[in-house]
1. Looking at region 137-225, what helices (runs of 4 or more DSSP H) fall wholly within it and have at least 2 residues that are near the ligand (Cβ under 10 Å from one of its atoms) and over 18 Å from Gly20 (Cβ atoms)?
2. Just to be sure before I move on: is Leu3 open to solvent by 10 Å² or more (accessible area, probe 1.4 Å), under 18 Å from Asn232 (Cα atoms) and part of a loop (DSSP other than H, G, I, E, B) in the structure I sent?
3. Only residues that are in contact (Cβ under 8 Å) with a residue 60 or more places away in the chain, closer than 21 Å to Val35 by Cα and not hydrophobic (A, V, I, L, M, F, W, C): list them for region 139-173, please.
4. Being among the hydrophobic types (A, V, I, L, M, F, W, C) and part of a helix (DSSP H, G or I): is that true of Leu117 here?
5. Checking the structure you have, find out if any residue of region 62-75 is among the hydroxyl-bearing types (Ser, Thr, Tyr), in contact (Cβ under 8 Å) with a residue 40 or more places away in the chain and assigned to a loop (DSSP other than H, G, I, E, B).
Amino acid sequence: MNLSLSNQVALVTGASSGLGFACAEGLAAQGASVVINYNSHAEPAEALAAKIISQGGQAIALGADVSKEDDVERLFEQTLAKFGALDILVANSGLQKDSPVGEMTLEQWNKVLEVNLTGQFLCARAALRQFRKQGSKRDVSRAIGKIIHMSSVHQIIPWGGHVNYAASKGGVDMLMRSIAQEIGGEKIRVNSVAPGAIATPINASSRAGDGTEKILKLVPYGRIGDPEDVANAVVWLASDLSDYVHGTTIFVDGGMSLYPGFQDNG
Ligand code: BGC
């Protein structure tokens with residue numbers, strides 16, 4: 001048994017940049033055919049698809065807003081039309097709309113919940129329906145399908161100034177574990193990856209100036225993560241090497257969730 005994902009089809013949402021981009025690259029490197037979903041930035045998604053194809057892999061870039069039911073249905077239809085099957089979903093799309101809670105608008109609240117939580121529900125539901133249709137006929141992996149949710153350390157670490165984001169990720173944790181509990185008997189594996197501070201566009205502004213130094217005080221392992229750190233965990237969760245891992249969150253955070261403020265007695 002190995003890490004290989006050859007003959008498997010993976011769909012990664014929000015893959016035109018950051019974590020999703022790295023996950024799509026990582027899955028393709030292990031031989032998966034990948035659907036690189038983007039919302040508004042077609043160009044980097046198409047460039048990644050072209051790169052994967054030029055290296056002998058299979059990929060397609062498809063636009064869809066994961067918070068819209070019709071878009072998600074179309075995304076899955078197009079995936080099936082292109083590759084004929086689906087084996088792996090990485091529900092990654094996510095965004096921040098930061099504001100102190102007293103000033104947070106309903107629009108900021110709704111947008112984050114719609115993309116980060118409702119989007120993950122819609123994609124997981126569509127993947128589950130497809131896995132059920134395929135059943136065990138495909139025989140490319142021990143599970144009939146795998147769902148990997150992109151969460152965050154903020155599924156457990158409260159985050160002032162970001163209550164919409166933290167609430168959405170707390171929701172992702174319960175969404176993931178409840179789905180895992182409900183459908184595990186169908187041989188569909190469901191897990192999350194919870195990144196900490198990773199160098200991606202989502203936190204570029206908080207890393208600017210002395211931001212990185214401040215963030216590093218919260219990371220016992222002493223470095224900001226790379227998108228590949230997260231992709232490596234996602235690839236492992238998608239592979240048969242993790243076949244007995246189900247309903248779990250893997251924290252890829254350099255120890256950020258260890259409450260480093262308590263290192264010196266708090
Ligand atoms: C957020 C980043 C933040 C990190 C650690 C992530 O989920 O999207 O902006 O740097 O958590 O706080």
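The values are calculated or read from the model by the stated rules, or taken from the named source; none is laboratory data. Since the model is a prediction, treat every value here as computed from it, not as a measurement. So basically every Cβ, Gly included, is an ideal-geometry build from the backbone, and we count neighbours across all protein chains shown. To get the accessible areas, we keep the full protein, side chains included, count just its heavy atoms, and leave off ligands, DNA and RNA. Shrake-Rupley method; radii C 1.70, N 1.55, O 1.52, S 1.80 Å.
1. Values: elements: 163-183, 204-207, 211-216.
Qualifying helices (runs of 4 or more DSSP H): 204-207, 211-216.
2. Details: open to solvent by 10 Å² or more (accessible area, probe 1.4 Å): yes; under 18 Å from Asn232 (Cα atoms): yes; part of a loop (DSSP other than H, G, I, E, B): yes.
For Leu3, the condition - open to solvent by 10 Å² or more (accessible area, probe 1.4 Å), under 18 Å from Asn232 (Cα atoms) and part of a loop (DSSP other than H, G, I, E, B) - is met.
3. Once the filter is applied, which keeps residues that are in contact (Cβ under 8 Å) with a residue 60 or more places away in the chain, closer than 21 Å to Val35 by Cα and not hydrophobic (A, V, I, L, M, F, W, C), region 139-173 yields Ser141, Lys146, Ser151.
4. When the stated conditions are applied, Leu117 passes them.
5. Within region 62-75, the subset among the hydroxyl-bearing types (Ser, Thr, Tyr) is 67.
When the remaining residues are screened for being in contact (Cβ under 8 Å) with a residue 40 or more places away in the chain, the result is 67.
Filter again for assigned to a loop (DSSP other than H, G, I, E, B), leaving 67.
Looking for residues that are among the hydroxyl-bearing types (Ser, Thr, Tyr), in contact (Cβ under 8 Å) with a residue 40 or more places away in the chain and assigned to a loop (DSSP other than H, G, I, E, B), one finds at least one in region 62-75, hence yes.
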